[in-house]
2 protein chains.
Amino acid sequence: MTAYVDLMAFQRETEALAQVMGRLGWDQETMMPSGAAAQRAEEMAALEGVLHARRTDPRLGEWLAASEAGDETAGANLREIRRRYERNLRVPARLAAELARVTSRAQGIWAEARRNEDVAAFLPVLEEVVRLRREEGQAIANGGDVYDALLHDYEPGTSSAELTAMFGALRPRLVALRETIKAAPQVPEMQGSFPEEAQLVIANEVARAFGYDFARGRLDKAVHPFSSGSGLDVRITTRTNPTDPFNCIYSTIHEVGHATYEQGIDARHFLTPLGQGASMGVHESQSRIYENQLGRSRAFTGWLYGRMRQVFGDFGVPDEETFHRAVNRVSDGYVRTEADEVQYNLHVLLRFDLEQPLMRGDLQVADLEAAWNDRFRQDFGFALDRPSHGLLQDVHWSVGLFGYFPTYSLGNVYAGCLHKALRDAVPELDGDLARGDTSRAVGWLRENLQRHGGLREPRQTVATAVGFDPSEGPLLDYLEAKFGDLYGL
Amino acid sequence: MTAYVDLMAFQRETEALAQVMGRLGWDQETMMPSGAAAQRAEEMAALEGVLHARRTDPRLGEWLAASEAGDETAGANLREIRRRYERNLRVPARLAAELARVTSRAQGIWAEARRNEDVAAFLPVLEEVVRLRREEGQAIANGGDVYDALLHDYEPGTSSAELTAMFGALRPRLVALRETIKAAPQVPEMQGSFPEEAQLVIANEVARAFGYDFARGRLDKAVHPFSSGSGLDVRITTRTNPTDPFNCIYSTIHEVGHATYEQGIDARHFLTPLGQGASMGVHESQSRIYENQLGRSRAFTGWLYGRMRQVFGDFGVPDEETFHRAVNRVSDGYVRTEADEVQYNLHVLLRFDLEQPLMRGDLQVADLEAAWNDRFRQDFGFALDRPSHGLLQDVHWSVGLFGYFPTYSLGNVYAGCLHKALRDAVPELDGDLARGDTSRAVGWLRENLQRHGGLREPRQTVATAVGFDPSEGPLLDYLEAKFGDLYGL
């Protein structure tokens with residue numbers, strides 16, 4: 001028992017230091033003076049060095065060998081610590097350092113190339129990143145599939161084969177739904193100007209409405225919305241666009257989904273490996289069900305319309321139904337982060353289907369742009385207009401995030417399953433949402449999923465909550481019903 | 001040479017981690033959600049553990065033994081690293097941990113006792129803190145004087161004997177000046193209401209006027225004004241009082257003095273032991289000369305009066321001269337941090353003369369309050385009204401800060417010397433300040449003192465800047481001349 005106690009005391013400090021690292025990231029995006037970047041890089045490198053040393057500390061191996069799982073929680077803690085330790089031991093320090101250096105440089109080159117619409121300027125460093133991440137994946141895979149090994153960093157227990165089957169069922173029905181919608185009469189875009197201060201009033205209000213606890217968090221502005229931290233200090237950011245209040249409102253609800261997940265985890269998992277969301281996919285299921293299935297529902301948008309009328313006055317939308325259609329408007333677009341519920345996953349699947357062969361060596365960096373553009377035309381029905389709308393769109397690959405994209409769509413699939421189970425469990429849901437009251441919905445998610453943190457494997461976390469084996473079916477049924485109704489299909 | 005290079009690379013990471021620790025402290029006072037305190041304590045304890053391990057790492061001893069000073073900078077770096085390493089090695093880990101635990105508890109007890117005006121509730125834990133710090137001082141002193149050992153943590157190279165001689169010359173002339181002023185016609189207090197937003201406009205403006213670089217810092221509100229950080233990220237805070245704009249304005253100038261000192265250090269000392277102010281006393285010399293000799297001068301208050309009229313409109317002060325007298329008003333008071341230039345050091349000397357026998361075992365905690373109250377009546381001429389204005393006034397002793405108080409007065413003495421030398425070097429000073437232009441004054445301080453950071457021992461730092469051996473004389477001459485003029489003495 002001493003070994004387990006010692007292990008968990010050591011781990012607790014590591015978790016606390018990881019929280020500090022996360023807060024440096026938050027500070028960098030919200031508070032840091034513009035001239036402090038060079039110092040911040042040294043601070044983060046020094047702290048990363050400390051964390052890496054702790055995560056590969058040989059004592060971990062000794063404690064793990066001598067520990068016995070006394071109960072389910074201890075078993076889960078040992079499972080998580082062992083998984084990460086074995087993974088980290090497999091990555092040579094030289095490779096980890098080179099990856100950190102190259103991705104840091106690549107991110108700057110990517111940003112510059114994107115500004116200049118210059119793919120050629122980005123490809124050489126992308127080539128390096130791909131080579132290093134492939135090497136890392138091979139090291140972690142230990143003879144297994146290189147892409148699956150990378151995927152497991154974000155989604156333990158899932159395989160690319162499983163995702164390929166799931167997404168293979170998703171894609172044709174989404175493409176068909178998109179085509180049917182585009183053939184129907186279109187919804188006009190909302191016009192108007194929405195002062196920033198009033199948008200932030202609404203953002204704070206919806207954050208509270210969705211259960212965000214400001215005593216253990218705060219909401220600031222940043223260039224990109226994000227949620228940061230676990231335990232007692234989970235901070236979120238949002239941004240405003242004067243002509244598009246939905247950007248601020250729905251990115252806030254999305255981040256509140258991530259943040260309340262962290263805030264909702266049982267206190268007994270505090271500063272343990274279980275004290276965070278089960279995986280990226282499960283995390284995304286929370287942000288997406290808050291944002292879409294709840295936040296963009298007819299019931300909730302009815303309440304939101306009323307609040308926006310009070311805050312902005314008459315903004316040119318005559319009634320709740322028109323407002324609901326504006327919130328859920330489907331339109332042609334190139335950008336994943338701006339995509340509607342129907343098209344979002346098509347963007348993700350495109351990346352998933354390109355990054356797998358790239359990691360396995362079956363697709364070369366030189367051929368990547370053509371492959372992207374071909375696939376985009378296939379699924380969206382029109383041609384890309386510029387690289388910043390295509391291959392240069394996302395930061396992910398430049399910083400080596402291969403295996404991360406599919407967790408977005410997996411999260412949407414999980415959200416579909418959770419929504420189905422939630423509807424069954426809370427028949428009063430629409431009545432609640434029409435009053436801006438999410439407490440029963442959030443309460444059900446907290447009780448059945450959020451509070452367990454990383455206790456169970458990701459897929460099992462969702463399966464236990466919903467009571468059935470998760471699949472893409474509920475999401476597709478929901479989308480076809482919702483948009484069939486909205487577009488009179 | 002390899003040993004020195006390795007040593008400095010290791011030290012650079014330690015300095016970077018110390019910056020992270022400082023930023024956690026800043027965040028706690030400005031941004032942290034109220035419910036995050038328990039987590040923050042664990043984060044700081046974990047990081048403190050990392051720092052302590054690095055500061056007592058046996059490799060430091062090996063590198064130090066194998067390093068040779070190639071030049072003045074290397075010599076100073078080795079001097080500083082050696083001093084701190086030997087000091088840290090002398091403190092048993094058990095004692096350091098107990099001190100951290102007890103002082104953390106004592107601070108809470110002190111705050112509660114202060115609220116309740118209950119000295120008896122504070123004394124038992126103060127007894128513990130005194131015992132532990134005495135034990136620590138004895139360990140560091142290694143046979144030398146226990147108080148001097150503690151003093152050296154804040155002011156290396158200075159002795160209590162030296163300070164006692166200096167302060168012994170200061171005290172009678174300050175008491176006499178105070179008595180003469182109190183016998184003269186008094187200056188009425190400024191009345192009025194000053195909106196917070198406008199105070200912050202002025203605060204930002206004076207920060208810029210005194211050379212604070214916002215590209216490498218930021219100004220936020222906090223309960224207590226402070227400056228935090230070194231190098232490229234030096235942040236300051238201020239506070240506002242609706243009836244007293246001087247609190248906000250002069251605390252901002254004070255903190256800008258600390259912050260621009262850090263910002264003004266040569267880049268070659270970045271993330272080395274020399275990349276920070278030379279000592280607490282030298283630091284305080286910068287904050288005080290900015291605040292007092294420059295900021296409360298007739299020339300600068302003339303400019304400030306004009307700016308305040310523009311921002312606040314007519315606030316009931318008819319002219320520059322009346323404004324200057326209001327800024328420099330001397331009045332009876334109990335509180336060190338609210339004291340004017342004449343009385344401030346009397347508050348400090350009182351503490352210095354009590355904490356020395358306390359540490360040496362010549363004064364018991366049980367007798368401390370009576371000793372404080374007696375001494376207060378002697379120097380200020382009237383009796384204390386309540387414990388929160390006396391023994392319970394400052395947080396310092398509760399957190400174990402013995403040996404810290406004298407650096408405040410030493411800083412004022414140094415500021416007096418620097419002001420004398422500055423006047424000689426920059427004859428146009430009053431003309432500059434009357435236009436709100438501090439650039440020549442700040443430029444002189446930067447060139448002659450600030451940029452060297454910790455290169456020289458503290459006293460030598462000031463001596464080199466002013467060209468003479470620092471003493472209390474210039475401060476006393478300045479105060480007697482200034483207040484003699486103001487009060488028609």
Quick one: residue B:235 ticks every box in (1) of a type in the set (D, E, K, R); (2) surrounded by fewer than 19 Cβ atoms within 10 Å (Cβ to Cβ); (3) under 19 Å from the mean Cα position of the chain (by Cα) except a single one, so which number is it? (2)
Please find, among B:277, B:306, B:281, B:316, the residue that is more than 14 Å from chain A (Cβ to nearest Cβ), touching a residue at least 24 places away in the same chain (Cβ under 8 Å) and not in a loop (DSSP other than H, G, I, E, B). B:281
Unique residue being part of a helix (DSSP H, G or I) and surrounded by 18 or more Cβ atoms within 10 Å (Cβ to Cβ) when the list is A:28, A:11: A:11
Of all residues in region B:130-184, count the ones that are small (Gly, Ala, Ser) and either in a helix (DSSP H, G or I) or crowded, with 18+ Cβ neighbours inside 10 Å (or both). 11
Going by what's in this entry, would residue A:362 be described as in contact (Cβ under 8 Å) with a residue 24 or more places away in the chain, of a type outside the set (Ser, Thr, Tyr) and not in a helix (DSSP H, G or I)? no
In this structure, is residue B:14 within 9 Å of chain A (Cβ to nearest Cβ) and among the β-branched types (Val, Ile, Thr)? yes
Among (1) assigned to a strand (DSSP E or B); (2) free of Cβ contacts under 8 Å to residues at least 40 places away in the same chain, there is one condition residue B:237 misses while meeting the rest; what is its number? (2)
I need every pair where a residue in region A:1-21 that is in contact (Cβ under 8 Å) with a residue 40 or more places away in the chain has its Cβ under 6 Å from the Cβ of a residue that is buried (at least 18 other Cβ atoms within 10 Å of the Cβ) and of a type in the set (Asp, Glu), sequence separation at least 6 or different chains. A:16/B:42; A:16/B:43; A:19/B:43
Please tell me if residue B:220 is within 14 Å of chain A (Cβ to nearest Cβ), out of contact with any Phe, Trp or Tyr (no Cβ under 8 Å at 6 or more places or on another chain), closer than 28 Å to residue B:435 by Cβ and surrounded by fewer than 21 Cβ atoms within 10 Å (Cβ to Cβ). no
Among residues of region A:259-274 being in a helix (DSSP H, G or I) and surrounded by 23 or more Cβ atoms within 10 Å (Cβ to Cβ), the residue nearest to the other protein chains (Cβ to nearest Cβ) is A:263
Would you be able to say whether some residue in region B:405-418 is assigned by TED's automatic domain parsing to the domain that holds residue B:175 and more than 16 Å from the chain's Cα centre (by Cα)? yes
Lone unmet requirement of (1) without any contact (Cβ under 8 Å) to a residue 12 or more places away in the chain; (2) not in a loop (DSSP other than H, G, I, E, B) for residue B:469: (2)
Filtered residues of region B:1-27 (kept if under 17 Å from residue B:44 (Cβ atoms) and not basic (Lys, Arg)): B:14, B:16, B:17, B:18, B:19, B:20, B:21, B:22, B:24, B:25, B:26, B:27
As an exercise: evaluate residue B:447 against (1) in a loop (DSSP other than H, G, I, E, B); (2) within 30 Å of residue B:69 (Cα to Cα) and give the number of the one condition it does not meet. (1)
Any residue that is over 20 Å from residue A:54 (Cβ atoms), modelled with pLDDT under 95 and out of contact with any Lys or Arg (no Cβ under 9 Å at 6 or more places or on another chain) - is there at least one of those in region B:44-63? no
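Scan region B:381-419 for residues that are assigned to a helix (DSSP H, G or I) and surrounded by fewer than 20 Cβ atoms within 10 Å (Cβ to Cβ) and jot them down.
B:388, B:389, B:396, B:399
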Might you check whether a residue that is within 14 Å of another protein chain (Cβ to nearest Cβ) and touching a strand residue (DSSP E or B) at 6+ places or on another chain (Cβ under 6 Å) occurs anywhere in region B:57-79? no
Quick one: residue A:212 ticks every box in (1) within 25 Å of the chain's Cα centre (by Cα); (2) in the same structural domain as residue A:334 (by TED's automatic domain parsing); (3) assigned to a helix (DSSP H, G or I); (4) closer than 30 Å to residue A:260 by Cα bar one, so which box is it? (3)
Please give the number of the condition residue A:210 fails out of (1) in contact with an Asp or Glu (Cβ under 9 Å, 6 or more places away or on another chain); (2) more than 13 Å from every other protein chain (Cβ to nearest Cβ); (3) crowded, with 16+ Cβ neighbours inside 10 Å; (4) in contact (Cβ under 8 Å) with a residue 40 or more places away in the chain. (1)
Residue that is nearest to the chain's Cα centre (by Cα) [pool: residues in region B:436-486 that are among the hydroxyl-bearing types (Ser, Thr, Tyr) and surrounded by 21 or more Cβ atoms within 10 Å (Cβ to Cβ)]: B:461
Residue pairs qualifying under the 9 Å Cβ cut-off, at least six apart or on distinct chains, with the first in region A:247-258 being assigned by TED's automatic domain parsing to the domain that holds residue A:295 and the second being surrounded by 24 or more Cβ atoms within 10 Å (Cβ to Cβ) and among the basic types (Lys, Arg), are A:254/A:288; A:257/A:288
Within region A:229-252, how many residues turn out to be touching a Lys or Arg at 6+ places or on another chain (Cβ under 7 Å) and within 12 Å of chain B (Cβ to nearest Cβ)? 5
Can we say residue A:117 is touching a helix residue (DSSP H, G or I) at 6+ places or on another chain (Cβ under 7 Å), at positive phi and not assigned by TED's automatic domain parsing to the domain that holds residue A:368? yes
Can you report the number of residues in region B:272-310 which are under 26 Å from residue B:428 (Cβ atoms) and under 21 Å from the mean Cα position of the chain (by Cα)? 14
Under the condition of being of a type in the set (A, V, I, L, M) and out of contact with any Gly (no Cβ under 9 Å at 6 or more places or on another chain), which residue from region A:299-329 is nearest to residue A:484 (Cα to Cα)? A:326
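Listed here are the residues, each with its yes/no results for (1) without any contact (Cβ under 8 Å) to a residue 24 or more places away in the chain; (2) among the hydroxyl-bearing types (Ser, Thr, Tyr); (3) more than 30 Å from residue A:270 (Cβ to Cβ).
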| residue | (1), (2), (3) |
| --- | --- |
| A:393 | no, no, yes |
| A:401 | yes, no, no |
| A:408 | no, yes, no |
| A:417 | no, no, no |
| A:420 | no, no, yes |
| A:452 | no, no, no |
Residues in region A:22-56 that are farther than 19 Å from residue A:89 by Cβ and either aromatic (Phe, Trp, Tyr) or facing chain B (nearest Cβ under 9 Å) (or both) total 21
Looking for whichever is in contact with a Ser or Thr (Cβ under 9 Å, 6 or more places away or on another chain), of a type outside the set (Phe, Trp, Tyr) and part of a helix (DSSP H, G or I) here; the options are B:255, B:205. Which one fits? B:255
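The values are calculated or read from the model by the stated rules, or taken from the named source; none is laboratory data. Predicted model only: the values in this text are computed from it and were never measured. Note that we place each Cβ from the backbone using ideal geometry, even for glycine, and neighbour counts take in every protein chain shown.
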